[in-house]
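Everything on this sheet refers to the single structure shown next.
The values are calculated or read from the model by the stated rules, or taken from the named source; none is laboratory data. Keep in mind that this is a model prediction, so the values were computed, not measured. In this analysis, Cβ positions are derived from the backbone assuming ideal geometry, glycine residues included, and neighbour counts consider all displayed protein chains.
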């Protein structure tokens, strides 16, 4: 679908176009930040004991932080592309909100848990939001 159809409303209306554009922005920005974060982490990966060693909690969670940015960015791009390819007016509202919430909270919780392990108890927020997003997209967006 042409980019203009995403931004000017096309056949999906102004709200649907705004949400689709938001998913494109969230997706690409998350991927960029994830790649930059991975590059920054990669500058020191050769040091065996950096951040406590390769298998340390802090180092694993920081790797997961940058990977989750790329992954949740891709999920947001896939969600926007799914709505476009199916000719839907927009994503289901709940799915849309939960995809964006997951893209924000998953890397945030990973980074916070790397800093303070107690934050690991907050992982249910991004995990649940992404499960709800995918389930709602399938149920409301694909089946109905």
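When the range 61-96 is limited to residues that are closer than 18 Å to residue 109 by Cα and without any contact (Cβ under 8 Å) to a residue 40 or more places away in the chain, the one that is surrounded by the fewest Cβ atoms within 10 Å (Cβ to Cβ) turns out to be 67. Reported count of residues in the range 41-58, each being in a helix (DSSP H, G or I), within 19 Å of residue 109 (Cβ to Cβ) and without any contact (Cβ under 8 Å) to a residue 60 or more places away in the chain, is 3.
Test residue 131 against the criterion of being assigned to a helix (DSSP H, G or I) and closer than 30 Å to residue 48 by Cβ, and give yes or no. Spelling it out, it is not the case that residue 131 is assigned to a helix (DSSP H, G or I) and closer than 30 Å to residue 48 by Cβ. Residue 87 fails exactly one of the following numbered conditions: (1) under 23 Å from residue 21 (Cβ atoms); (2) assigned to a helix (DSSP H, G or I); (3) more than 18 Å from the chain's Cα centre (by Cα). What is the number of that condition? Of everything listed in (1) under 23 Å from residue 21 (Cβ atoms); (2) assigned to a helix (DSSP H, G or I); (3) more than 18 Å from the chain's Cα centre (by Cα), residue 87 misses just condition (2).
On the stretch given as the range 112-144, residues that are under 15 Å from residue 71 (Cα atoms) and either touching a residue at least 40 places away in the same chain (Cβ under 8 Å) or surrounded by 16 or more Cβ atoms within 10 Å (Cβ to Cβ) (or both) total 5.
Does residue 44 satisfy the criteria of being modelled with pLDDT under 80 and over 23 Å from residue 133 (Cβ atoms)?
Taking the combined requirement at face value, the residue satisfies it.
Please work out if residue 32 is assigned to a helix (DSSP H, G or I), more than 19 Å from residue 130 (Cα to Cα), touching a helix residue (DSSP H, G or I) at 6+ places or on another chain (Cβ under 9 Å) and at pLDDT below 85. So residue 32 fails the test.
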